Ligand SMILES: [Fe+2]
């Protein structure tokens, strides 16, 4: 059963759930049951194995943690942000978790009622204007987290602000001052070599996209419009040493439907396009590729006159709901990586000819990449990904890919145990790209508890080398990051 509260743990905050007792929503129950209590817990118990001495930094995970009932239909990506973190140093570990105190959450708590409808509900049902690419949404800041300029930044996939939390204590520090009025999407990209942060935003109004760059000290030094042919639904971007890579996929909103107030994504009869723009601004060059939708890119790098871009190609970006799935049929398919058939894929953008060639890299259905912390934008050999159980947005295992030899390793959790995105923390001073660790939080339904697991990144198939007990069972979520001690 659940772990007893450790001796060095204390409750530091609480927002009692406003969800109805007996809630049966599949993404507010089970592994997705939201948390209410904010803890500080030090001297965590290592229940199995040993924490590596060299593991020095913070693992941060953002989660969608709804406080109040939804207006109409709820989508798991609507929930309020809550960040969970574990700080490792000298073979010991501490845990913190905090709500992201967004303006939207504060307004709803004051009103004691939800004010904004989520992504699969009509924006007309929202009570206020709000935020987001389509407007009339709450900026829940619950999608992503990255540490830049000594601050953890949480972001929302439908665009909004970047909320700041101190990366160790998780103190809320309000909005990042550099975010432009057009907002930013989730997945701002940190270049660990230069300390720059690249970001994009999108909206339903021309020019439909913007791209920008923030310097290592948190000053917005570049921001430019990226004109697109219509409203789009980009989720991620990539970058190399000299370029940012944006995208224009055929899975997008429909301008005619938007005119009627309907924000329903549709697969248009168009190619995929990748837009290559110099990092600090300039003309964009577009490359056409086979139609698909890419939720996440693994990495990109320059090789001679080409850009190599790795990501997960979806064979069916808009799977049809199965009526047998009942009232949540549409939602179930919308977040099922197996139904979308997401697999590792490589695009090669030839900067001389303007042509794009592409190939599948591995057959596994997988998504949510991790890469050696130092490798974004540079040539990588290894990537790790999460696997998912069919029909669910949950992570049930990890897979390791060697892009050079094609070798792969797999680790599968037992049923009822789900992991979180597992970034790669390099061993300080390591000379090998895969010398380091993967860090993940687990949610164990049967035992009603959570642990933090550390894997040797070279041998994930051997299972975790250390397991640490957390003071509470934590909710599932989407994104996580690793921040080495020197960046905190
Ligand atoms: Fe994402």
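Readers should treat all values here as calculations from the given coordinates under stated rules, not as data from a laboratory. Since we're looking at a predicted model, the values are computed, not measured. Methodologically, a virtual Cβ is constructed for each residue, glycine included, from the backbone with ideal geometry; neighbour enumeration extends over all protein chains shown.
Here are the numbers for this structure:
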quantity	calculated
The one condition in (1) over 15 Å from residue 200 (Cβ atoms); (2) in contact with a helix residue (DSSP H, G or I) (Cβ under 7 Å, 6 or more places away or on another chain) that residue 157 fails to fulfil	(1)
The listed residue being part of a loop (DSSP other than H, G, I, E, B), closer than 20 Å to residue 344 by Cβ and touching a residue at least 40 places away in the same chain (Cβ under 8 Å), out of 440, 478, 405	478
Pick from segment 160-181, criterion touching a helix residue (DSSP H, G or I) at 6+ places or on another chain (Cβ under 9 Å) and assigned to a loop (DSSP other than H, G, I, E, B), ranking: surrounded by the fewest Cβ atoms within 10 Å (Cβ to Cβ)	161
Pick from segment 137-149, criterion buried (at least 20 other Cβ atoms within 10 Å of the Cβ) and assigned to a loop (DSSP other than H, G, I, E, B), ranking: nearest to the ligand (Cβ to nearest atom)	143
Scope segment 136-150; condition touching a residue at least 60 places away in the same chain (Cβ under 8 Å) and under 21 Å from residue 64 (Cβ atoms); matching residues	138, 140, 141, 142, 143, 144, 145, 146, 147
Test: residue in segment 326-347 that is in contact with a helix residue (DSSP H, G or I) (Cβ under 7 Å, 6 or more places away or on another chain) and within 16 Å of the ligand (Cβ to nearest atom)	yes
Lone unmet requirement of (1) in a strand (DSSP E or B); (2) in contact (Cβ under 8 Å) with a residue 60 or more places away in the chain for residue 153	(2)
Residue check for residue 398: away from the ligand (no atom under 16 Å from the Cβ), in contact with a helix residue (DSSP H, G or I) (Cβ under 9 Å, 6 or more places away or on another chain) and closer than 24 Å to residue 458 by Cα	yes
Subset tally (residues that are crowded, with 16+ Cβ neighbours inside 10 Å and not in a helix (DSSP H, G or I)) for segment 322-340	2
Extreme residue, surrounded by the fewest Cβ atoms within 10 Å (Cβ to Cβ), among residues of segment 376-396 that are over 18 Å from the mean Cα position of the chain (by Cα) and within 11 Å of residue 424 (Cβ to Cβ)	382
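Here's the yes/no breakdown for (1) under 17 Å from residue 50 (Cα atoms); (2) surrounded by 17 or more Cβ atoms within 10 Å (Cβ to Cβ); (3) within 16 Å of the ligand (Cβ to nearest atom):
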site	(1), (2), (3)
438	yes, yes, no
442	no, yes, no
448	no, no, no
452	yes, yes, no
457	yes, yes, no
461	no, no, no
472	no, yes, no
479	no, yes, yes
